[in-house]
Each structure stands twice: as structure tokens, then as C-alpha cells.
């Protein structure tokens, strides 16, 4: 009778824990739905470390290697534009597949309006306008999960080189474990002792082998969640995703066995809210069930890598669509770009902003040729260059731009801005810079227009050679298939290139105690010489400032520097 009461109490406890866990799960799902409603149209709050970014980037590296011949913006351009930070701000993805696909997409500005790009834009607009469908799909994708310990791409690649092992040792463990359990009814004392000993041995073997197979287990677990998401999308997704669901079914069909056995495959992190799964975890540890299943299914996974890659692409793209739609809503200003076909370069943007700046100053420009920007440090030149390039990049990747309007060619996009010495290769700043500029000069084919943004041409060398070489390089970029934005402090270039480049500038106002910037783009070359006036603001000797201003005036009128300057009283 006591045994019966004990069993009933245990059963009631399990039911209570399971019920409480189910109620908590419902509460968590309700809270997540509310979060999705409130967070839509806001910048991401997901924190990504440098290692996280590197793991996400592996997918792009792999795809870029596979898609040779496709144009991708290079690492110099990506880093110049601070795109890791833009990605961080944009990343509201629900699963790792979406993060990888979004990161990859931002590297791939389309040069033609292909079907895939058009489809992305159609889905983005639909989900932006349909909240319930957006939330429903987001909840399904959220269950796939984000894995931060390593890259999902690395995990799937790891499985490709594995070979299944024999399950004989696991079958022996099962036989001995069952024999020990039977022995309890024959010789209770010896049977219990044998059962405990076998459990210790079995769990020890399991933990040792499971550690080696952890990447495989994570892969199967993640692949199973992907397949479950496919099933749920088929049942709950809106009709707009009909084409995606058809492809998910086609590619998921050969992998159905994996989903069937997925309940036995987990990474060991089971919530206390689910006592059934917790019990199954201990059963697996004792009888090695998941290790046996994994060895059987490794071959299945290896033979259908292409199908899994396609599932990753479709699910990831759907998630990236939702993130792109949310980010567009978060911008203070945005527009749908109007592409201008043809081989001749054209760029017209109205009220363009930099998306990372909280209170940005909008600027507009229209040009069919190169632009030379002058102005002092911190006046807005670099920010404008980045804003223009990001505007073009987002238009050709996400289908919208942070501007009031954008009409432009579809560009290959290059920059040469935030360069550093290459210590690893023993290269000076100047060598790194001329290599960076050379790749821009070599980019033009006459078929696709090139947009290039260059900040301070050849700053790594002396003034005379810099001006001479900069003049020739910038003239080489003054061609019909290029739009070149070049920022410089060398006012000499505004005269030397006045026939090829249109001049624009940013200026500041220096008062007695401060310097103020309005960050507004203005036509013509910079005429103010506030750099020397800033010396006075900072407390430099008045005669020193006066002499410097006189030297500049003489140079601007004669083109020559005065060799003699009056002595400054100390």
C-alpha cells in the first residue's frame, strides 16, 4: 500500500510540475508576442560581440566563395562604412539563420533587379503592413533559435567531414543495463548493485562520447527545429509565402526521418519546466539512444547538405525580411529607390541621412559626374561620404534608402576612407592607401557604374607629391561610368580639377570661444580658413596666428609661400 501511495504522490508531483511548466510557457509566449508588437520599428537591443560578428560572417565568407563572379562589397568598404555597427542596429532577427542571411545580403548590392531582389521587397512591404502575419511568422522562426557558442555555418560544415561509427558498444550497454534491471527481480540486492554500477559506467561512457559529438548533436537539434518550423509555416503562414513553403516542403521531404527522431536528440540543455523532456534526457544518458540515432542519421545529413542549405536560405531570408522591414520603420526618413538604367553613372538623392546618427542633418545632391568636397575637420565631409554610400548600398540590398528620395544607377560600391597601417604585412599607410585606390581604378569595366567615396586622397605622403598624384588619380575617376565623391583638405585641388569636378563644401562658424558646425552641404569650394582661427580660440599667441593668416593670404594670391616671417615675440 505504501508503494501505491508513493507512486501516486510522484505522479501528482510530475503532473503539477508539467502543468506549471505549460502555464509558464504560455505566459512566456504571450510576453514574447507583446515584445514583438512593441519592439517593431525600433533599433535592435541585441548585443553582439566581435566574436559573434565573426561567427555570423562565416556564412557570408562561404557563400562568397561559392558565388564567384557575383559582386560583393569588399572588407575595406564594409569597414569604412562601419557596417558591423549598422548590422548590429538592424539585427532584430529571430534566429541565427536570419542573422547570417541579413549579414550576407548587406554585402551583395544587386546590379540588376533580379527576381530574388524583387521577391524580398514584396515580402518586406507585405509584412510591414500585416502585423498579425508578421508576428505569427516571427514566433515560428524564434523557435529555431540563436546559437552564440559558435557559428551555425561552422557546425554544419563540421558534419560534412564526419563518418558514422559502429553502434555495437551502445547495444552492449543496453543489453547489460536491461540484464541488471531484470536481475533486481531475481536477486534484488545484487540486481540493485549491478544496476547502479551499470548506470555509472553507462553515463560515464555517454558523457565522454557525447562531448566529442556535441557539434553533431547541435546540428541535428538545429536541423530538427528548422524542419519543425517548416511544418508550422505550412500550417500557419500567410498565403504570400506560398512559393517559399513549396520549396521548404520539397527540400525538407528527404529529411523527414530526422524530424521523427528529433525528440531523442538534444544538446542536453533541458528546462525544468518540462519534466517529460527531463526524464527523456536521463533515459538517453543511460541507454545511449541519441548516440545510436545520430550514428544512423549522419549519412542522411551528409547526403542532403544541398537541401539543408536551401532550407537555411529560405528560412533565413524570411527572417531577414522581417528585420529589414522593422529597420525601415525605425528610420526617421526612408524611401523606395528609383533605379536609373544605363551604363552612364547617375546619382540623385534628396535629404540623405546617416542611419546611425540620432539627430542627423539631411543633405541633397544630384550629379552625373565627380564631386570634390572641401572643409575643415569635423565639418561633415566623412559623414556625408558614408551616408551617400550607405544610402546606395541599402537601396541595392534591402530595397529602401535612408533618404526622402533616391534616383540612381545600380553601382558597384567602393570606398577608401578609414585605412590603417598593415603591420602584419609590414606595409606603411601610404602603401595600403595606394593599393586601396588602385582597386577602385581597376573596378570600372564600362558595363556597371561605379560609386566610389574617397576621404583625403593620399594623405600618407608629402604635400607636393600628394597634390600631383591626387590630381592624376582623381582625373582618372572622372569618367562616364563613375560617380566619385572625394573629400580633401588640399584647396589646390579645387583649382586643378575645376574642369572635371564640381565643388561642394562644408563650413563652420568660429566665434571667440567656440566652433560650431551646421553640417550642411554647400556649393563651391571652401573659402573659410578657420583652422588658423581655431588657434586663437585655443589660446595661441596672437602674433603667431596673424603671421599664419598672412602667409595663407600671400599664397592664395601669388601661389607661392613666403620664406621669411617676422619673429614672434615671446
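We did not get these values from a lab; they are worked out from the coordinates using the rules stated. Computed from a predicted structure; not experimentally measured. Here the Cβ positions follow ideal geometry from the backbone for every residue, glycine too, while neighbour counts run over all protein chains shown.
A few points about this structure:
- The relative contact order of the chain comes to 16 percent, based on Cα pairs under 8 Å that sit 6 or more residues apart.
- Region 307-328-region 479-502 distance, computed between alpha-carbon centres (Å): 41
- The fewest-to-most ranking of 516, 404 by surrounding Cβ atoms within 10 Å reads 516, 404.
- Order of 110, 196, 161, 450 - criterion: other Cβ atoms within 10 Å of each residue's Cβ, fewest first: 161, 196, 110, 450
- By the count of neighbouring beta-carbon atoms within 10 Å, fewest first, 347, 430 end up ordered 430, 347.
- Antiparallel bridges, percent of DSSP beta bridges restricted to the chain (to nearest 5): 40
- Principal-axis tilt of helix 542-558 within the chain, Cα atoms, nearest 10 degrees: 70
- Alpha-carbon radius of gyration plus Dmax, which is the widest Cα pair, for the chain in Å: 31.6, 113
- Inter-part distance where region 28-49 and region 173-226 are each reduced to a Cα centre, Å: 40
- Against the chain, whose longest principal axis is taken from its Cα atoms, helix 429-441 shows a tilt of about 90°.
- Region 56-95 and region 434-475: distance between their alpha carbon centers, rounded to Å: 24
- Angle in degrees between helix 115-129 and the longest Cα principal axis of the chain, rounded to the nearest 10: 80
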